[in-house]
Structures are given as C-alpha cells and as structure tokens.
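*Asks:* One structure coming up, written as structure tokens, with questions to follow.
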Amino acid sequence: MARESEGGRGRDRDRDERDSEFVDRLVHINRVAKVVKGGRRFGFAALVVVGDQKGRVGFGHGKAREVPEAIRKATEAAKRGLIRVPLREGRTLHHDVNGRHGAGRVVLRAAPPGTGIIAGGPMRAVFETLGVHDVVAKSQGSSNPYNMIRATFDALGREDSPRAIAARRTLKVSALQARRQGVDAEAADA
C-alpha cells in the first residue's frame, strides 16, 4: 500500500520537473458578463503561450469563472499542442516566412545577431518562449490577439530547416549551405 502511494508521488514529481522546463506567458485575458436575475455573472477567457526556449512552443485557450483557473486550463492546452520549430544557430529563423489566419496576417524575417526581437504584443510572447533572440516581425491586418497568435503559428509551421529542404530535393546540406553563403557574399558586395 505504501509503495503505491510513493509511486504516485514520484510520477507527480517527474511531471513537475518536466513542466518546470517550460516558460509560459499570459498574452490576453477577456472578461465576459452574463446578465442573470441577481445581477451579472462574470467569466474569464485566457490566452497563454508556452515554450521551452529551445525550439518548442504552443498556445492554449482556457475559460473559467476565475482568472487563475482559466490560466491553468490555457497552460495545459498549450502544453498539449506544442510544435517544434527549426532555428538557425538557436537564435533566429532559417528564412523569411508569411502566415495568416482569418483577417490576421504576419510577416516573420530572419535577422542578424544583435537585432533582438522586433515584434508587437502577442508575437513577442511567442518568440520569447520559443527561444528566438533575433527576429523582425510585422503584423498586418487584424490586431486581435487570437488571430495574431494563430497566424504566427501558421508561419512557424511553414518554417523549414536546410536538412528538410535538402532531403526533399535529394541534395546534400553542404551544397545548400554553400549556395546560401554565395548569395550572402553577393548581397554584401552590392
């Protein structure tokens, strides 16, 4: 009997250690009111972004009567929906990419070292939790945080690593890298 309870605690501790590797950012809280006979009943919706700052990120949406419960639900949903994004040198994107969701459109551009995160509101939270250090992002269209987050995730889903592109084109990664460095040298000369 004692052994079973110890095993349960061990699993909880393992889960806590695994959860501690994630960083979460609260992006938006929405308060809604339902008018009832005695007055108003308030509900809260939370939008949370979770990431490990090493290339994995996810977002979640949770609703509840109290703010902490809504945030907890959103965080759990975000951890269930993590995606892996390939990063160049662990600090920026491999290439420029566009994303859209509904009326929200975003443009994400790779940036040289030292640029920092140049992005607004919800997109900044995604890049901080993802572990990107240098990126330039622009939101065009809707400023609704839900649409901006989903458009950003659409763009990040289209991000490819040189290894994936080389496999698709049946080339060697070194051949692609050499081609890229030749383009960079031409751009520097111009």
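*Asks:* Could you check how many residues of segment 68-92 are basic (Lys, Arg) and at pLDDT below 90?
*Replies:* Residues flagged as basic (Lys, Arg) and at pLDDT below 90 within segment 68-92 amount to 2.
*Asks:* Of everything in segment 75-102 that's without any contact (Cβ under 8 Å) to a residue 40 or more places away in the chain and aliphatic (A, V, I, L, M), which residue is surrounded by the most Cβ atoms within 10 Å (Cβ to Cβ)?
*Replies:* Out of the qualifying residues, it is Ala77.
*Asks:* Let me ask something additional. Which of the residues belonging to segment 139-181 are assigned to a helix (DSSP H, G or I), more than 17 Å from the chain's Cα centre (by Cα) and closer than 27 Å to Val49 by Cα?
*Replies:* Selection gives Pro162, Ala164.
*Asks:* Which condition from (1) loosely packed, with under 13 Cβ neighbours inside 10 Å; (2) more than 27 Å from Glu21 (Cβ to Cβ) is the one that Pro113 breaks?
*Replies:* (2)
*Asks:* Here is a further query. Of the numbered conditions (1) within 18 Å of Phe22 (Cβ to Cβ); (2) touching a helix residue (DSSP H, G or I) at 6+ places or on another chain (Cβ under 6 Å), Arg100 satisfies every one except a single condition; which is it?
*Replies:* It is condition (1) that Arg100 fails.
*Asks:* Where residues in segment 17-67 are farther than 13 Å from Lys79 by Cα and part of a helix (DSSP H, G or I), which of them is modelled with the lowest pLDDT? Walk me through it before giving the result.
*Replies:* Within segment 17-67, the first condition is being farther than 13 Å from Lys79 by Cα, and the residues that meet it are 17, 26-46, 53-55, 63-67.
Next, only the ones that are part of a helix (DSSP H, G or I) stay: 17, 67.
Values: Glu17: 52, Val67: 94.
The extreme case among them is Glu17.
*Asks:* Return the residues of segment 121-164 that are modelled with pLDDT of 90 or more, among the acidic types (Asp, Glu) and either under 25 Å from Ala178 (Cα atoms) or in contact with a His (Cβ under 8 Å, 6 or more places away or on another chain) (or both); say none if nothing qualifies.
*Replies:* Asp134, Asp154
*Asks:* From the list Arg40, Arg105, which residue is touching a strand residue (DSSP E or B) at 6+ places or on another chain (Cβ under 8 Å), free of Cβ contacts under 8 Å to residues at least 40 places away in the same chain and open to solvent by 40 Å² or more (accessible area, probe 1.4 Å)?
*Replies:* Going through Arg40, Arg105 in turn, just one is touching a strand residue (DSSP E or B) at 6+ places or on another chain (Cβ under 8 Å), free of Cβ contacts under 8 Å to residues at least 40 places away in the same chain and open to solvent by 40 Å² or more (accessible area, probe 1.4 Å): Arg40.
The values are calculated or read from the model by the stated rules, or taken from the named source; none is laboratory data. Just so we're clear, the structure is a prediction, and the values are computed from it rather than from any experiment. Don't worry about glycine lacking a Cβ; one is built from the backbone with ideal geometry, like all the others, and counts go over all protein chains shown. Accessible surface areas use protein heavy atoms only, side chains included; no ligands, DNA or RNA. Shrake-Rupley method; radii C 1.70, N 1.55, O 1.52, S 1.80 Å.
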